[in-house]
Amino acid sequence: MPITLAQVEEARNNIATIAVRTPLVLCNTDAPGHLYLKLENLQPIGSFKIRGAANVMARTPRQQLQRGVLTASAGNMAQGVAFCARRMGIPATIVAPETAPATKIRAVERMGGRVIKVPFAEWWQTFGTRSYPGVDAKFIHAFDDPDVMAGNGTIALELLEDLPDLDVVVIPWGGGACRVASRRCCVSALHECVSTPSKLRQQRHWLLR
């Protein structure tokens with residue numbers, strides 16, 4: 001699903017009071033170009049996932065959120081949803097795989113989230129059904145949602161503002177919501193965005209997130 005630059009710009013306004021505008025720092029390392037790091041670990045939950053969670057909840061009518069929110073996540077999106085739900089005073093339910101890191105589960109619970117641990121196959125099925133038996137709540141997809149992607153794409157806006165002449169953006173990715181949105185923003189600004197180190201070549205400015 002295409003994400004427009006306008007959607008990302010709107011998302012930036014939506015999340016301005018929740019997500020941190022993280023710094024871009026030059027990394028002192030041996031590389032054929034300048035290597036910068038986008039420090040998303042400085043977000044309130046330690047992950048960029050707060051951006052997407054905050055945007056989708058900001059764009060959802062309040063009456064749809066009154067019953068609470070539901071997501072499927074092994075940790076980071078779970079924390080983003082729980083963090084935003086606590087701010088809004090609504091319940092958050094997280095469907096997590098049994099293999100989810102205990103530290104992340106505890107973090108969700110500290111923020112008031114209810115965690116339901118299930119076998120991996122059942123957890124994965126939740127992404128397809130976008131629901132969980134017995135939970136009547138607004139489902140927030142961890143990656144397959146244009147509002148989540150737009151929220152994640154605000155990273156690209158910050159990159160291009162802080163380093164307008166960057167050449168390559170390297171994005172480790174899982175579900176792909178950050179990669180898709182960031183790629184769209186970079187392409188819109190006529191910059192190259194790559195998702196795997198195998199595509200790297202010599203450039204003046206590298207950036208890793």
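Being in contact with a Pro (Cβ under 9 Å, 6 or more places away or on another chain) and of a type in the set (A, V, I, L, M) is the filter here; which residues of region 122-145 pass it?
Initial filter on region 122-145 (in contact with a Pro (Cβ under 9 Å, 6 or more places away or on another chain)): 122-124, 137.
If the condition is that a residue be in contact with a Pro (Cβ under 9 Å, 6 or more places away or on another chain) and of a type in the set (A, V, I, L, M), then A137 is the only one that fits.
Which of (1) closer than 26 Å to V118 by Cβ; (2) of a type in the set (A, V, I, L, M, F, W, C); (3) not in a loop (DSSP other than H, G, I, E, B) does I45 not meet, given it meets every other one?
So the condition that I45 fails would be (3).
For region 75-94, indicate whether the set of residues that are within 30 Å of D167 (Cα to Cα), in contact (Cβ under 8 Å) with a residue 12 or more places away in the chain and touching a Pro at 6+ places or on another chain (Cβ under 7 Å) is non-empty.
no
Restricting attention to region 1-42, and to residues there that are under 14 Å from the mean Cα position of the chain (by Cα), not in a helix (DSSP H, G or I) and not hydrophobic (A, V, I, L, M, F, W, C), which single residue is surrounded by the fewest Cβ atoms within 10 Å (Cβ to Cβ)?
R21
Is there a residue being in contact with a Gly (Cβ under 8 Å, 6 or more places away or on another chain) and closer than 28 Å to Q125 by Cα anywhere in region 2-23?
Checking region 2-23: at least one residue is in contact with a Gly (Cβ under 8 Å, 6 or more places away or on another chain) and closer than 28 Å to Q125 by Cα.
Just for strands (runs of 3 or more DSSP E) wholly inside region 55-145: which have at least 1 residues that are modelled with pLDDT under 95, crowded, with 20+ Cβ neighbours inside 10 Å and in contact with a Phe, Trp or Tyr (Cβ under 6 Å, 6 or more places away or on another chain)? Before the answer, list the steps.
On the way: elements: 69-72, 92-97, 114-118, 138-140.
Once the strands (runs of 3 or more DSSP E) in region 55-145 are filtered for at least 1 residues that are modelled with pLDDT under 95, crowded, with 20+ Cβ neighbours inside 10 Å and in contact with a Phe, Trp or Tyr (Cβ under 6 Å, 6 or more places away or on another chain), nothing remains.
The values are calculated or read from the model by the stated rules, or taken from the named source; none is laboratory data. Fair warning: this is a prediction, and the values are worked out from it, not measured in the lab. Here Cβ is always computed from backbone atoms with ideal geometry, including for glycine, and neighbour counts include all displayed protein chains.
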